[in-house]
Amino acid sequence: MAGKKEVDQFSGVETTGHEWDGIKELNNPLPRWWLWTLYATILWSFGYWVVMPAWPLVSDYTRGVIGYSQRAELADTMAKVGQDRAARAGSLVDASLEDIEKDPDMQGFAMAAGQAAFGDNCAPCHGSGAQGGKGYPNLSDDDWLWGGGLEDIHTTILFGIRGDHSDTRYSQMPAFLKDELLTAEQVDEVVEYVLSLSGQDHDQGKAANGAQIFAENCTVCHAEDGKGDRAQGAPNLTDAVWLYGGDRASIRQTVAESRFGIMPAWTARLDPVTIKSLAVYVHSLGGGE
């Protein structure tokens with residue numbers, strides 16, 4: 001008979017007439033629990049549309065009978081966070097750096113604020129882990145050009161190094177070959193002597209001559225023993241830490257042409273509380289003294 005549905009011989013259920021690759025679709029009714037769930041969600045949606053903000057309009061949206069607003073809730077939460085931060089930041093304004101480190105609450109706030117400020121302002125040069133790179137100091141070791149105490153770090157952040165602030169930390173190494181203060185041969189000899197100071201392979205004959213050249217030209221900053229002078233930002237030449245590289249070629253370039261790294265002064269860019277927080281954070285990285 002035309003229009004009569006086919007009945008599946010195995011299940012006894014009518015088919016829909018659809019068939020794919022020999023597989024026939026059975027016309028089974030939907031489970032009751034599924035239908036009631038569907039009806040419940042439909043009813044729920046109508047209720048939600050009435051109670052909560054739901055439908056966009058031309059220039060606004062339906063507010064819902066309870067007038068709930070996530071934006072208002074967020075604004076309220078942010079206002080409370082701002083008030084809490086302002087109160088906690090206010091406690092750091094007049095506190096000394098030592099007092100901040102001794103007080104767990106102030107230290108915790110300073111560490112969190114300092115870490116965030118470091119990521120935004122310092123990481124591009126010093127790296128996200130503060131381990132620096134060639135020409136950018138590692139802040140997590142024990143080697144500090146200008147001192148690693150809390151006040152030393154704070155002063156460096158405030159005024160920078162070789163920057164445009166009147167109180168910036170400043171030092172200038174001569175370019176001994178470029179400025180014709182030494183000959184190329186003398187530069188080679190003093191480089192061999194510097195290599196010897198840090199226990200590296202060197203030419204002993206040239207190093208012997210370089211010792212005299214070093215005494216006449218370099219000890220005023222690096223001291224007679226080559227261990228440097230933090231008051232001048234002169235590095236220690238006897239250890240294994242080198243800002244621009246400690247191999248022969250790098251040391252020769254430094255002696256011949258000098259280096260002139262610059263760190264900006266942050267006193268006009270960041271507020272005092274943020275600078276204090278940065279000092280506390282950097283001091284905690286492992287190399288602070």
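The values are calculated or read from the model by the stated rules, or taken from the named source; none is laboratory data. All values reported here derive from a predicted model rather than from experimental measurement. Glycine also receives a Cβ, built like all others from the backbone with ideal geometry; neighbour counts cover every protein chain displayed.
Numbers for the structure displayed
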item: Residue in the stretch 224-235 that is hydrophobic (A, V, I, L, M, F, W, C) and part of a loop (DSSP other than H, G, I, E, B) present; result: no
item: Number of positions in the stretch 185-211 that are more than 17 Å from T238 (Cα to Cα) and free of Cβ contacts under 8 Å to residues at least 12 places away in the same chain; result: 2
item: Among the residues listed as D105, D76, the single one being in the same structural domain as I157 (by TED's automatic domain parsing), at pLDDT 90 or above and surrounded by fewer than 12 Cβ atoms within 10 Å (Cβ to Cβ); result: D105
item: Residue satisfying condition, being at pLDDT 95 or above, within 12 Å of V194 (Cβ to Cβ) and loosely packed, with under 15 Cβ neighbours inside 10 Å, within set D247, D225; result: D247
item: Residue tally, condition loosely packed, with under 15 Cβ neighbours inside 10 Å and either part of a helix (DSSP H, G or I) or free of Cβ contacts under 8 Å to residues at least 24 places away in the same chain (or both), over the stretch 132-159; result: 2
item: Meets criteria (over 23 Å from S96 (Cα atoms) and at pLDDT below 95) for Q253; result: no
item: Qualifying positions in the stretch 74-89 - free of Cβ contacts under 8 Å to residues at least 40 places away in the same chain and within 25 Å of the chain's Cα centre (by Cα); result: M78, V81, G82, D84, R85, A86, R88
item: Those residues of the stretch 172-181 which are surrounded by 17 or more Cβ atoms within 10 Å (Cβ to Cβ) and either within 34 Å of the chain's Cα centre (by Cα) or assigned by TED's automatic domain parsing to the domain that holds I161 (or both), in sequence order; result: M173, A175
item: Wholly enclosed helices (runs of 4 or more DSSP H) of the stretch 29-124 bearing at least 2 residues under 30 Å from D152 (Cβ atoms); result: 70-93, 97-102, 104-121
item: Which numbered condition T274 fails, given (1) buried (at least 20 other Cβ atoms within 10 Å of the Cβ); (2) in the same structural domain as C218 (by TED's automatic domain parsing); result: (2)
item: Residue selected from the stretch 93-122 under the condition among the polar types (S, T, N, Q) and within 22 Å of the chain's Cα centre (by Cα), by the criterion farthest from S277 (Cα to Cα); result: N121
item: Options A240, A207, A215, A279: the member that is in a helix (DSSP H, G or I), within 26 Å of N138 (Cβ to Cβ) and either not assigned by TED's automatic domain parsing to the domain that holds G163 or not β-branched (V, I, T) (or both); result: A279
item: Among residues of the stretch 248-278, those that are of a type outside the set (S, T, Y) and under 29 Å from the mean Cα position of the chain (by Cα), counted; result: 17
item: Selection within the stretch 245-273 - farther than 16 Å from S171 by Cα and of a type outside the set (A, V, I, L, M, F, W, C); result: G245, G246, D247, R248, S250, R252, Q253, T267, R269, D271, P272
